[in-house]
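Notes follow the structure.
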Amino acid sequence: MDLNELRDEVLKCQKCGLAKTRNKVIFGEGNNRAPVFIIGEAPGGDEDMIGRPFVGVSGQLLDKILAACGFTRKEHVFISNIIKCRPPGNRVPQPDETRICKPYLLKQIELIDPKIIILLGATALKNMLGPELRITRLRGTWMEWEGRLVMPVFHPSALLRNPDLKRDTWEDFKKIVFKYREIVDAEHYSDHV
Ligand code: SF4
């Protein structure tokens, strides 16, 4: 199976109850061979309307951070979520929903084969690395999952609620740029790092 075949399958998915309430399935977007895979929580209202990941205010902030790192969605990253359909009212995804949907994410990671995975926020951290883990303790820490480097950072929506978190988050993304230069492209350019 390649990524296009996987997309076709996911876009038709009816496996969990969110299929009844969603407008669109948000598979994810970016470079199919991206060195950096970004995992968020779940699509929100804007994403559900438009069918693309991170297009609301959180997404705009994420794009600004990525731009400061010299990263673009087209070239450097692939962005998706733990689950592919919006939970009603933007509630946190339920365990049965993440259990059913997560194999799609794992297959995306296998096919894209990124060098670095960024976990945006607590839901991504808990579902990928362990339900007992705390984003406040582990953000900015390099971890390992299935032989890949993983960095948990605050979700952009947390930065919008609490702008004091922006300083720490920028330090975390600077570490990601340094690592990118170390293991992907020594010539990677950023205006700010
Ligand atoms: S959230 Fe995932 S498992 Fe549930 S319907 Fe959407 S794609 Fe399928």
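Coordinate-derived values only; no laboratory data. In this text, all values refer to a predicted model and were calculated from it rather than measured experimentally. Here Cβ is always computed from backbone atoms with ideal geometry, including for glycine, and neighbour counts include all displayed protein chains.
Here are the numbers for this structure:
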item	result
Failed condition for LEU106, given (1) under 14 Å from the mean Cα position of the chain (by Cα); (2) surrounded by fewer than 19 Cβ atoms within 10 Å (Cβ to Cβ); (3) in contact (Cβ under 8 Å) with a residue 24 or more places away in the chain	(3)
Selection count where residues are within 24 Å of ARG167 (Cβ to Cβ) and within 16 Å of the ligand (Cβ to nearest atom), scope region 37-72	3
Meets criteria (under 23 Å from PHE178 (Cβ atoms) and either in a strand (DSSP E or B) or in contact with a Cys (Cβ under 9 Å, 6 or more places away or on another chain) (or both)) for PHE37	yes
Among the candidates ASN4, ASN31, ASN90, residue that is polar (S, T, N, Q) and closer than 18 Å to ILE118 by Cβ	ASN31
Matching option when the condition is among the hydroxyl-bearing types (Ser, Thr, Tyr) and touching a Phe, Trp or Tyr at 6+ places or on another chain (Cβ under 8 Å), among SER80, SER58	SER80
Tally of residues being under 14 Å from ASN81 (Cβ atoms), assigned to a loop (DSSP other than H, G, I, E, B) and more than 10 Å from the ligand (Cβ to nearest atom) across region 25-34	1
Extreme residue, surrounded by the fewest Cβ atoms within 10 Å (Cβ to Cβ), among residues of region 136-193 that are of a type in the set (Phe, Trp, Tyr) and part of a loop (DSSP other than H, G, I, E, B)	TYR189
Odd one out for PRO93, checked against (1) assigned to a helix (DSSP H, G or I); (2) in contact (Cβ under 8 Å) with a residue 40 or more places away in the chain	(1)
Number of the exception - GLU75 against (1) under 23 Å from TYR180 (Cα atoms); (2) within 13 Å of the ligand (Cβ to nearest atom); (3) in contact (Cβ under 8 Å) with a residue 12 or more places away in the chain	(2)
Residue that is assigned to a helix (DSSP H, G or I), more than 12 Å from the chain's Cα centre (by Cα), among the aliphatic types (A, V, I, L, M) and buried (at least 22 other Cβ atoms within 10 Å of the Cβ), where the choices are LEU6, LEU18	LEU18
